[in-house]
Amino acid sequence: MVCTLCYDLLFGSLVDDVPSTSNTGRIAALSCGHTFHFDCVALWLYNSVNKECPMCKAYHSGPILKLHIECDLNHVANRFTDDQLSVAELLCNSSLDSAEQQEVQYRELETKMAALQIKLDETTGPLKTTEAKLRALYKKIALLEAQEKELSTLSVRHKVNIQGLNGALELKDRTIARLKAKLSERVAKLA
């Protein structure tokens with residue numbers, strides 16, 4: 001069995017060549033019956049706002065129950081009464097059931113997460129297409145703005161040129177009028 005808070009073995013190593021950690025051997029149970037390392041659950045409850053079990057979220061009231069469980073089954077069988085062994089077996093089975101429930105919940109969450117990822121990908125695809133179209137439109141807008149600026153500059157130049165041509169036409173008309181006047185004077189003198 002493992003502590004679901006630190007994922008380390010609750011009862012120490014069941015195999016001789018696997019070293020146990022400092023947390024093993026100090027086992028505690030909450031009022032709901034779920035078991036953890038004493039240090040792990042004490043820290044959990046200290047940091048928990050609602051003082052709830054990390055497994056079932058049931059409110060925990062009262063002290064943390066310290067359990068003294070030994071891994072040598074022969075020694076355990078000789079030391080405790082049948083009722084005590086039944087309680088220990090229930091606690092062990094409860095912890096195993098809880099671990100199995102967590103595994104099922106984990107798989108369900110993984111499945112839900114995969115479905116949500118598919119939905120996200122389906123939603124993101126059209127969004128990326130729209131984003132690409134929007135970028136293309138921004139480029140066209142920038143090009144049109146540059147063309148508008150160039151046309152505005154050309155329009156100003158054109159107005160200046162038209163004013164210059166109008167001035168030249170006025171000068172030509174005055175010159176023609178003067179020449180006609182001089183021509184009329186000479187024709188009148190010759191006549």
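Worth pointing out:
- Residues located in the range 1-38, provided they are of a type outside the set (A, V, I, L, M), open to solvent by less than 70 Å² (accessible area, probe 1.4 Å) and at pLDDT 75 or above: CYS3, THR4, CYS6, ASP8, CYS32, GLY33, HIS34, THR35, PHE36, HIS37, PHE38
- Checklist (1) outside any loop (DSSP other than H, G, I, E, B); (2) at pLDDT 65 or above; (3) open to solvent by less than 70 Å² (accessible area, probe 1.4 Å) applied to MET55, failing item: (1)
Matching residues to (1) within 44 Å of the chain's Cα centre (by Cα); (2) of a type in the set (D, E, K, R):
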residue: ALA115; (1), (2): yes, no
residue: LYS119; (1), (2): yes, yes
residue: THR124; (1), (2): yes, no
residue: LEU127; (1), (2): yes, no
residue: GLU148; (1), (2): yes, yes
residue: SER155; (1), (2): no, no
residue: ASN166; (1), (2): no, no
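- Residue match in the range 95-107 (condition: more than 30 Å from LEU30 (Cα to Cα) and open to solvent by less than 90 Å² (accessible area, probe 1.4 Å)): no
The values are calculated or read from the model by the stated rules, or taken from the named source; none is laboratory data. Because the structure is a prediction, the values reported are computed rather than measured. Just the protein is used for accessible areas: all its heavy atoms, side chains included, with ligands, DNA and RNA removed. Shrake-Rupley method; radii C 1.70, N 1.55, O 1.52, S 1.80 Å.
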